[in-house]
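Participant: I have a structure here, written as structure tokens, and I will follow up with some questions on it.
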Amino acid sequence: TQLLEQSPQFLSIQEGENLTVYCNSSSVFSSLQWYRQEPGEGPVLLVTVVTGGEVKKLKRLTFQFGDARKDSSLHITAAQPGDTGLYLCAGGLAGSARQLTFGSGTQLTVLP
Amino acid sequence: DTAVSQTPKYLVTQMGNDKSIKCEQNLGHDTMYWYKQDSKKFLKIMFSYNNKELIINETVPNRFSPKSPDKAHLNLHINSLELGDSAVYFCASSQEVPHNSPLHFGNGTRLTVT
């Protein structure tokens, strides 16, 4: 059982569609990060959220941290082929300062 | 100006061999990590070093031994390689403990054990 479960695991959509990726846990996190990984490369940080209920926007990407700090979502508006990649959430457990735990990942494919 | 660089990019070797992966970061970060990404893309931490001292050592076979000669380098040595060691290994660094500071990853080393 993963500490952080992401859904869906795979998502294939057409260019221009909207989508939401979820990252859920039964544990409380002091912060949560979202990364995107492209083939042959390492994950790259997109955003960090630290406050329950926090919403951050990065162009067409909207990130939300749940009020109870147990879950997060990533919403992409008008997806483009350049958004294709593996999206990973990663959380720092409250009371465990030294380690990030990664989610199971969502592989997104945006078709032109 | 690569921030976190690891070598080699690809490593193909036979069971029983010993191999090393090198990692260097030029970001001035205090903390470095080794992660293993399996075929399902799950990233699992193996080790973490802060200022050359081991601070995280997850349940990893003792055939894996990290070595940090200085805070800019963290190498991974693997003895007696097994088929199950095949994976992509990522080195990463962060300024401090990772909750609010991002991890900067290298581009990975794809290890194939035959």
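Participant: Select, from A:Tyr22, A:Tyr87, the only residue that is of a type in the set (Phe, Trp, Tyr), surrounded by 14 or more Cβ atoms within 10 Å (Cβ to Cβ) and within 11 Å of another protein chain (Cβ to nearest Cβ).
Facilitator: Of the residues listed, the single one that is of a type in the set (Phe, Trp, Tyr), surrounded by 14 or more Cβ atoms within 10 Å (Cβ to Cβ) and within 11 Å of another protein chain (Cβ to nearest Cβ) is A:Tyr87.
Participant: Anything in the range B:66-92 that is among the hydroxyl-bearing types (Ser, Thr, Tyr) and at pLDDT 95 or above? List them, or say none.
Facilitator: B:Ser80, B:Ser86, B:Tyr89
Participant: Are any residues in the range A:40-55 within 12 Å of chain B (Cβ to nearest Cβ) and touching a residue at least 12 places away in the same chain (Cβ under 8 Å), and if so, which ones?
Facilitator: Correct list: A:Pro43, A:Leu45, A:Leu46, A:Val47, A:Thr48, A:Val49, A:Val50, A:Thr51.
Participant: Kindly check whether there is at least one residue in the range A:91-109 that is among the hydrophobic types (A, V, I, L, M, F, W, C), within 25 Å of B:Ser93 (Cα to Cα) and modelled with pLDDT of 95 or more.
Facilitator: No: the range A:91-109 contains no residue that is among the hydrophobic types (A, V, I, L, M, F, W, C), within 25 Å of B:Ser93 (Cα to Cα) and modelled with pLDDT of 95 or more.
Participant: Restricting to the range B:1-33, count the residues that are at pLDDT below 95 and either open to solvent by less than 20 Å² (accessible area, probe 1.4 Å) or among the β-branched types (Val, Ile, Thr) (or both).
Facilitator: Counting residues in the range B:1-33 that are at pLDDT below 95 and either open to solvent by less than 20 Å² (accessible area, probe 1.4 Å) or among the β-branched types (Val, Ile, Thr) (or both) gives 5.
Matching residues to (1) within 12 Å of the chain's Cα centre (by Cα); (2) under 21 Å from B:Tyr35 (Cα atoms); (3) in contact (Cβ under 8 Å) with a residue 40 or more places away in the chain; (4) within 11 Å of another protein chain (Cβ to nearest Cβ):
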| position | (1), (2), (3), (4) |
| --- | --- |
| A:Phe10 | no, no, yes, yes |
| A:Glu15 | no, no, yes, no |
| A:Gln37 | yes, yes, yes, yes |
| A:Lys57 | no, no, no, no |
| A:Lys70 | no, no, yes, no |
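Participant: Under 7 Å by Cβ, and 6 or more places apart or on different chains, what pairs join a residue from the range B:29-58 that is of a type in the set (D, E, K, R) with one that is exposed (fewer than 14 other Cβ atoms within 10 Å of the Cβ)?
Facilitator: B:Asp30/B:Asn51; B:Asp30/B:Glu96; B:Lys52/B:Asp70
Participant: Would you check which residues across the range A:27-63 are out of contact with any Phe, Trp or Tyr (no Cβ under 8 Å at 6 or more places or on another chain), surrounded by fewer than 18 Cβ atoms within 10 Å (Cβ to Cβ) and not acidic (Asp, Glu) and list them?
Facilitator: Correct list: A:Ser27, A:Val28, A:Ser30, A:Pro39, A:Gly40, A:Leu58, A:Lys59, A:Arg60, A:Thr62.
The values are calculated or read from the model by the stated rules, or taken from the named source; none is laboratory data. Not measured: the values here are computed from a predicted model. Positions of Cβ are backbone-derived with ideal geometry, glycine not excepted, and every protein chain shown enters the neighbour counts. Ligands, DNA and RNA are excluded from the accessible area calculation, which covers all protein heavy atoms including side chains. Shrake-Rupley method; radii C 1.70, N 1.55, O 1.52, S 1.80 Å.
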